[in-house]
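The values are calculated or read from the model by the stated rules, or taken from the named source; none is laboratory data. Predicted, not measured: the structure shown is a model, and the values here were computed from it. A quick note on method: Cβ atoms are made from the backbone with ideal geometry, for glycine too, and the neighbour counts reach across all protein chains shown. What goes into the accessible areas is simple: the full protein's heavy atoms, side chains included, and nothing from ligands, DNA or RNA. Shrake-Rupley method; radii C 1.70, N 1.55, O 1.52, S 1.80 Å.
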Amino acid sequence: MLHYKTIPVTPFQQNCSLLWCDETHDGAVIDPGGEIDRLLAEAERLGVTIEQIWLTHAHIDHAGGTSELAKRLEVPIIGPHPGDQFWIDALAEQGQMFGFPRVDPFTPTRWLADGDTVELGGHVLNVRHCPGHTPGHVVFHSPELKRAFVGDVLFAGSIGRTDFPQGDHQTLINSIRQRLWPMGDDTVFIPGHGPESTFGRERKMNPYVRGV
């Protein structure tokens, strides 16, 4: 069975997630924005061997620790979609702008596209391309767990910003309606910031997407 633990990191309190299989103890880190020593200590405490890095998108608070973690553990970087290449190229500049420690750009081992899958310890998660917040944003969905790791597409009571370069509000709304809602109202999502919620609750209560 898959398990996960959410670990808020960086001054932005970005929800980095450690996902692992309880049989193999193989793990993946989703969006390691920073505080790498803390993430590694938590993995060790849980007895998890980090085998992969998965990225929803390449904003600094989600991807800032990716290069360091990949080098230290010699693990592959999976995602995001190629639409975020320009954000990866600008990581050092993003880091300087927001006062992060030195951040190096990287080249993903594998880019992701809509309909792809990723695998961890024999468990398969589906990949959906959900642009709008960034053009290359992806979401990881586990039908087994009824969980979706959605980055900054959707939040409890809100949605992702679209005022960054190549962001687009209507594209984001379309991503939510066409890619997230079909996962089911009972699916719990882990957003990039803040508490978890369900798609059903957001469809009813979230003023930004209610009724769409």
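What accessible area per residue, rounded to a whole number of Å², is obtained for the chain using a probe radius of 1.4 Å?
43
Order 88-98, 172-182 from most to least packed using the mean count of other Cβ atoms within 10 Å.
Descending packing order for the listed peptides: 172-182, 88-98.
Would you tell me the accessible area of Trp20, worked out with a 1.4 angstrom probe on the heavy atoms of the protein chains, in Å² to the nearest 10?
Surface accessible to solvent at Trp20 totals approximately 30 Å².
Do you know the relative contact order of the range 1-138, to the nearest whole percent, from alpha carbon pairs under 8 angstrom that are 6+ apart?
In percent, rounded to a whole number, it is 21.
At a 1.4 Å probe, what is the % contribution of carbon and sulfur to the accessible area of the chain?
49
Could you tell me the accessible area of Lys146 in Å² (1.4 Å probe, neighbours in place), rounded to the nearest ten?
Approximately 100 Å² of Lys146 is accessible to the 1.4 Å probe.
Thr109 label point, 7 Å along Cα→Cβ, cut-off 19 Å on backbone N: hits in the range 62-82?
63-82
Here are a few candidate values for log10 I(q)/I(0) by the Debye sum over Cα atoms at q = 0.10, 0.12 Å⁻¹: [x] -0.37, -0.55; [y] -0.50, -0.66; [z] -0.61, -0.76. Which one was actually calculated from the structure I just gave you?
Of the labelled values, this structure produces [x].
Assign unit charges at the C-beta atoms only (+1 for Lys and Arg, -1 for Asp and Glu), then state the dipole size of the range 74-211 relative to its Cα centre in Debye, rounded to the nearest 20.
Dipole size: approximately 540 debye.
Which length gain, in nm to one decimal place, applies between Met97 and Met1 when the Cα-Cα distance is subtracted from 0.36 nm times their residue separation?
Full extension from Met97 to Met1 adds 30.5 nm.
Hey, got a sec? Which GluC sites (Glu not before Pro) in the range 1-60 land in a DSSP loop and have at most 16 other Cβ atoms within 10 Å?
Those that pass, being in a loop and sparsely packed, are Glu23.
Return the single residue from Gly34, Gly115, Gly184 with maximal mean-square fluctuation; model: Gaussian network over the chain, springs between Cα atoms under 10 Å.
Gly115
222 nm [θ] for the chain, helices only, -39500 (n - 2.57) per DSSP H run of 4+, per residue, to 500?
-6000 deg cm²/dmol
Taking the range 123-212, which chymotrypsin sites (Phe, Trp or Tyr not before Pro) meet the DSSP loop condition and have no more than 15 other C-beta atoms within 10 Å?
Sparse-neighbourhood loop chymotrypsin sites (Phe, Trp or Tyr not before Pro): none present.
Please give the solvent-accessible surface of Asp26 in Å², to the nearest 10, using a probe radius of 1.4 Å with every protein chain present.
40
Just how far, in whole angstrom, is the range 144-158 from the range 1-37 if you go by their alpha carbon centroids?
Measuring centre to centre over Cα atoms gives 15 Å.
Take every DSSP beta bridge whose two residues both sit in the chain, then give the antiparallel share in percent to the nearest 5.
Looking only at bridges with both residues in the chain, the antiparallel portion is about 70 percent.
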